[in-house]
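Peer 1: Take this structure, written in structure tokens, and hold onto it; I'll ask about it next.
Values quoted throughout were computed directly from the atomic coordinates according to the rules given, and no laboratory measurement underlies them. This structure is a prediction, so every number in the text was calculated from the model and none was measured. Cβ placement follows ideal geometry from the backbone for every residue including glycine, while neighbour counts extend to all protein chains displayed.
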Amino acid sequence: MAQSHTLTVRVAEVVRETADAHSLVLEPDPVDAERFHYKPGQFLTVRVPTDRAGGAARCYSLCSSPDLGEPLKITVKRTAGGYGSNWLCDNVVAGSTLQVLRPSGTFTPRSLDGDVLLCAAGSGITPVLSILKAVLHRGSGTVTLVYANRDENSVIFRDELAALTARFPKRLSVIHWLESVQGLPSVDALARLAAPHADAAAYVCGPEPFMDAVVAALTEAGVPRERVHLERFLTLDSDPFAEVEDVAEDPSVETAVVEVTLDGETTTHAWPVDRHLLDVLLQAGLDAPFSCREGQCSACACKVLEGEISLDRNEVLEKEDLDEGYVLACQSIPRSPKLRITYD
Ligand SMILES: Cc1cc2nc3c(=O)[nH]c(=O)nc-3n(C[C@H](O)[C@H](O)[C@H](O)COP(=O)(O)OP(=O)(O)OC[C@H]3O[C@@H](n4cnc5c(N)ncnc54)[C@H](O)[C@@H]3O)c2cc1C
Ligand code: FES
């Protein structure tokens, strides 16, 4: 019987960051604390109550830092006409409980010691703030943040960023870009801001047009594509909270053997060639991370150390991720008889 992957958190506090963005400070049940370990830049998947068939789930990046003993915190910005974000902002109060999936995602810094260039717009600041704090507190590089917003009142975490700039004046510089003053950031303007940081690793998150402009600007500024990491804020169509169904095994189907390392433990499993790796691991009772199960979010990403796999669908991993050996467990089919995979 597969282990339940749904976790419950209590909302300890709701912080009104701006007129349309609320932070939720979350407290996991102490028995589940181990399952909430996360890396800077990762996200939680939150169940949003609905009468609609198929449920509703939305992903929210953790803006807290795993390294500073901060409580878990997500920030939800209202999307005009959106169902999930408005439900969360209208209904969640201190003392509410929410159902979530364990933290996951690949938008995490590969090293904390090099220089980083962070580009965020609007709510895209959430994973970027977590990365920024990790590099400042645990790493040694410099951090440049280009942060675009509609106007001064819509700048989320303005005070926290000002306090960090005062504390790390030699290592952190924050460049605010206000659409109300400067207009939309153009590719040329972004390229000029990025040019002095062409040797840095870049992390980019925000609305699609902003991300496209930043990617074009970084190319113009000479930052190689493999050093540019993107997080796209999509809405899930699927219901990742649905119970995982046990599937009867068909003895006539060929199986591969896979050794999997997850949360510091290594286990070995038979992997039928007609099944996705994630399903095999969940059925074996492993607490393997996932969210969309449709190849769209990267929550299930893991690394192939030995063997070959093919991906049925991939809308999120970039060529550079694939070259590093990352695959999506929810879409992976074995293509060699023996494989080794790690999540750690
Ligand atoms: C990795 C990741 C991290 C993210 N991090 C953040 C973050 O830190 N902060 C943030 O603000 N956003 C974040 N997002 C975006 C977030 O997940 C949502 O996409 C966003 O909040 C918009 O959701 P929405 O439901 O309000 O709006 P929409 O995306 O516009 O949702 C509308 C959808 O809801 C459906 N719908 C309408 N009525 C109902 C109903 N009654 N029941 C069920 N469904 C209905 C519609 O069919 C439509 O598909 C992140 C996304 C990803 C993938
Ligand atoms: S769970 Fe979303 S890509 Fe696999």
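Peer 1: Run through the stretch 262-344 and list the trypsin sites (Lys or Arg not before Pro) located in a DSSP loop whose Cβ has at most 15 other Cβ atoms within 10 Å.
Peer 2: When the trypsin sites (Lys or Arg not before Pro) of the stretch 262-344 are filtered for loop state and at most 15 Cβ neighbours within 10 Å, Arg313, Arg335 remain.
Peer 1: Moving on. Sequence-distant or interchain residues sharing an amide H contact under 5 Å with Leu172, placed H: which?
Peer 2: Val143
Peer 1: Also: At a 10 Å Cβ-Cβ cut-off, how would you order Cys119, Cys205, Cys59, fewest neighbours first?
Peer 2: Ascending number of Cβ neighbours within 10 Å: Cys59, Cys205, Cys119.
Peer 1: Next up: Of Lys170/Lys303; Lys73/Lys338; Lys39/Lys77, which pairs sit farther than 32 Å apart, going by alpha carbon to alpha carbon?
Peer 2: Long pairs (Cα-Cα over 32 Å): Lys170/Lys303; Lys73/Lys338.
Peer 1: Can you give me the Cα centroid spacing of the stretch 144-185 and the stretch 317-344 in angstrom?
Peer 2: The distance from the Cα centre of the stretch 144-185 to that of the stretch 317-344 comes to 37 Å.
Peer 1: A follow-up question, please. At 7 Å along Cα-to-Cβ for each site, give me the label-to-label distance between Glu208 and Glu27 in nm.
Peer 2: It works out to 4.1 nm between the two label points.
Peer 1: Let me ask you something else. Report the antiparallel proportion of the DSSP beta bridges in the chain as a percent, rounded to a multiple of 5.
Peer 2: 60
Peer 1: For the chain, with a Gaussian network of springs between Cα atoms less than 10 Å apart, report the residue from Asp188, Asp67, Asp159 with the top mean-square fluctuation.
Peer 2: Asp159
Peer 1: I've got another one for you. At a Förster distance of 56 Å, what's the computed FRET efficiency of Tyr83 paired with Val273, Cβ-Cβ distance as r, to 0.05?
Peer 2: 0.90
Peer 1: A further question on this structure: Could you list Lys39, Lys77 in order of exposure, starting from the residue whose Cβ has the fewest other Cβ atoms within 10 Å? Present the calculation step by step, with values, prior to reporting the outcome.
Peer 2: Details: Lys39 18, Lys77 21.
Lowest count first: Lys39, Lys77.
Peer 1: Continuing with the same structure: Where does the charge balance sit around Leu339 when Lys and Arg score +1, Asp and Glu -1, over other residues with C-beta under 10 Å from its C-beta?
Peer 2: Around Leu339, the charge tally is 0.
Peer 1: Further question on the same structure: Local charge sum around Arg138 (other residues, Cβ-Cβ under 11 Å, Lys/Arg +1, Asp/Glu -1)?
Peer 2: -1
Peer 1: For Ala284 and Glu226 in one chain, what is 0.36 nm times their gap in residues minus the Cα-Cα distance, to one decimal in nm?
Peer 2: 17.4 nm
Peer 1: State the extension gain, in nm to one decimal, for the chain segment bounded by Arg52 and Ser252, taking 0.36 nm per residue of separation less the distance between their alpha-carbons.
Peer 2: In short, 68.1 nm is gained.
Peer 1: Along Cα→Cβ, 7 Å out, is where each label goes; now give me the distance between the ones at Ala94 and Glu152 in nm to one decimal.
Peer 2: A separation of 2.9 nm, rounded to one decimal place.
Peer 1: While we're here: Classify the stretch 183-291 as rounded, prolate or oblate, taking a ≥ b ≥ c as the square roots of the eigenvalues of its Cα gyration tensor: rounded when a/c is under 1.5, otherwise prolate if a/b is larger than b/c and oblate if not.
Peer 2: Verdict is prolate for the stretch 183-291.
Peer 1: Length gain on complete extension for the stretch His137 to Ser238, per 0.36 nm per residue less the alpha carbon to alpha carbon distance? Let's see the in-between values first.
Peer 2: Details: separation 101, 0.36 × 101 = 36.36 nm, distance 3.68 nm.
Length gained, His137 through Ser238: 32.7 nm.
Peer 1: Let me ask something additional. Running a GNM on the chain with Cα contacts under 10 Å, which residue among Ala148, Ala53, Ala120 ends up with the highest mean-square fluctuation?
Peer 2: Ala53
Peer 1: Please list, in order along the stretch 93-104, the HN-Hα scalar couplings obtained from phi with the Karplus expression 6.51 cos²θ - 1.76 cosθ + 1.60 (θ = phi - 60°), rounded to whole Hz, x for Gly and Pro.
Peer 2: Once θ is set to phi - 60°, the couplings for the stretch 93-104 become 10, 4, x, 5, 10, 10, 9, 9, 9, 4, x, 7 Hz.
Peer 1: Moving on to the next point. Suppose R0 equals 30 Å. What FRET efficiency, 1/(1 + (r/R0)^6) with r the Cβ-Cβ distance, do Leu184 and Arg313 give to the nearest 0.05?
Peer 2: On the way: r = 33 Å, r/R0 = 1.10.
Computed FRET efficiency for Leu184 and Arg313 comes out at 0.35.
Peer 1: Work out the length of the dipole vector of the stretch 139-196 about its Cα centre, built from +1 on the beta-carbon of each Lys and Arg and -1 on the beta-carbon of each Asp and Glu, and round it to the nearest 20 debye.
Peer 2: The dipole of the stretch 139-196 has a size of about 320 debye.
Peer 1: Of Gly295, Gly54, Gly264, which has the largest mean-square fluctuation in a 10 Å C-alpha GNM of the chain?
Peer 2: Gly264
Peer 1: Moving on. For a quick check of your reading of the filter: which chymotrypsin sites (Phe, Trp or Tyr not before Pro) in the stretch 1-109 sit in a DSSP loop and have no more than 14 other Cβ atoms within 10 Å?
Peer 2: Sites meeting the loop and neighbour criteria: Tyr83.
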